[in-house]
Every structure is written in C-alpha cells, then in structure tokens.
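Values in this text are rule-based calculations from the coordinates and carry no lab data. Everything numeric here is computed off the predicted structure, so don't read it as measured data. Here the Cβ is made from the backbone with ideal geometry for all residues, glycine too, and neighbour counts use every protein chain on show.
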Amino acid sequence: MDGRDEPGAPPRIDSREAFAEGLRWGFAAAFADGTRSITCVSPSFEWWPLDEVPLLDSLTAWLKRPQRKFILLAASYDELPRRQPRFTGWRAHWAHAIQALQCPQEFAAELPTLLIDDRRTCVQLMDAARGRGRAERDARARLLWQESIDVVLQRSEPAFPVTTLGL
C-alpha cells in the first residue's frame with residue numbers, strides 16, 4: 001500500500017472482515033490513482049482497520065506528498081481513542097492534513113459508512129448488521145456520494161481534537 005502498486009479487483013464485501021479488506025483495497029486504490037483527498041465517513045469508525053501499521057505507514061507516505069487532505073466525518077468520536085489508540089496517537093503528527101468533523105445530531109442516524117477519494121474510489125458498507133457492502137472504482141458513484149456528503153460536511157463542526165485543553 002505504498003501508492004505505487006495497483007490494488008487489483010475490488011473485493012466482494014459480505015462480512016465485517018471483508019469490509020475491512022474492502023477499506024484496505026479502497027485506500028490502496030486511492031493511493032494508486034494519485035488522489036489528493038480521501039474522505040472517510042462512519043458513525044463511529046468501529047469496524048475500520050485504522051490501527052493497522054501497514055495502513056498507517058501508507059497514509060504517512062501519502063500525506064508526505066503535497067496538498068493531501070484526509071477528512072474524517074463521524075457521528076461520535078467517543079470510542080475511537082479506546083478502539084484505535086495507534087491511529088489516535090499517529091494523527092497528532094498529521095493534524096495539519098487531517099480534518100476530523102462531527103456531523104450535526106439530525107444527520108447522525110442516517111450517516112453512511114464509506115470511503116471516497118477525489119477521483120473514482122468508493123467503498124460503502126450498505127448493511128452493517130451483515131457486513132455487506134460494495135467497493136468500486138466508479139467516478140459517477142463517487143461523485144453522487146460526494147454531493148450527498150458535502151451537505152453534511154458543510155454543517156459539521158471540528159471534533160476529536162489532537163490535544164485537550166484543561167484548567
């Protein structure tokens with residue numbers, strides 16, 4: 001996943017593990033396409049493989065390139081530090097390129113779980129209970145999701161601070 005290797009065909013997503021594999025494929029596809037922006041949307045990022053060292057290494061290499069932006073949109077980040085501690089610590093070094101947003105409460109119940117880039121990669125979890133979803137390289141599908149997510153992003157506020165100020 002270093003941005004030079006073509007990721008191959010999209011995996012079939014029919015379980016939680018297959019969804020995690022789909023996300024790995026999605027990141028690899030985005031890196032291979034030379035994308036400048038990756039947007040990850042999830043109610044809580046509970047099933048995401050964000051703590052995996054190979055993924056973090058690939059994200060690091062990608063973020064070192066100019067004009068890269070990694071956007072996270074969640075309903076809540078309450079569990080992320082506990083479930084993804086390596087990712088939580090890693091992102092402090094990349095705070096200038098990572099934007100973490102929390103959606104307004106009225107959008108939280110219908111927030112999708114997906115990864116899209118600014119070119120053609122889209123990985124979507126359609127049925128969380130069964131772990132079913134879809135991974136594809138389709139610029140039209142990605143654009144439709146981008147338009148839908150932009151409405152929520154415009155109303156969202158910064159969240160999940162890298163440091164917390166105390167008294």
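General observations
- A Cβ distance below 7 Å, combined with a sequence gap of six or more or placement on separate chains, defines the contacts here; from region 96-123, residues that are over 24 Å from GLU136 (Cβ atoms) reach residues that are among the aromatic types (Phe, Trp, Tyr) in the pairs ALA97/PHE70; ILE98/PHE70; ALA100/TYR77; ALA100/PHE160; GLN102/TYR77.
- In region 19-30, residue nearest to TRP62 (Cα to Cα) [restricted to those that are of a type in the set (Gly, Ala, Ser) and surrounded by fewer than 23 Cβ atoms within 10 Å (Cβ to Cβ)]: ALA28
- Scoring ASP33 on the criteria (1) in contact with a Pro (Cβ under 7 Å, 6 or more places away or on another chain); (2) surrounded by fewer than 18 Cβ atoms within 10 Å (Cβ to Cβ) leaves a single failure, condition (1).
- Of all residues in region 106-148, those satisfying the criterion of being within 25 Å of ALA32 (Cα to Cα), touching a strand residue (DSSP E or B) at 6+ places or on another chain (Cβ under 9 Å) and of a type in the set (Asp, Glu) are ASP117, ASP118, GLU136, ASP138.
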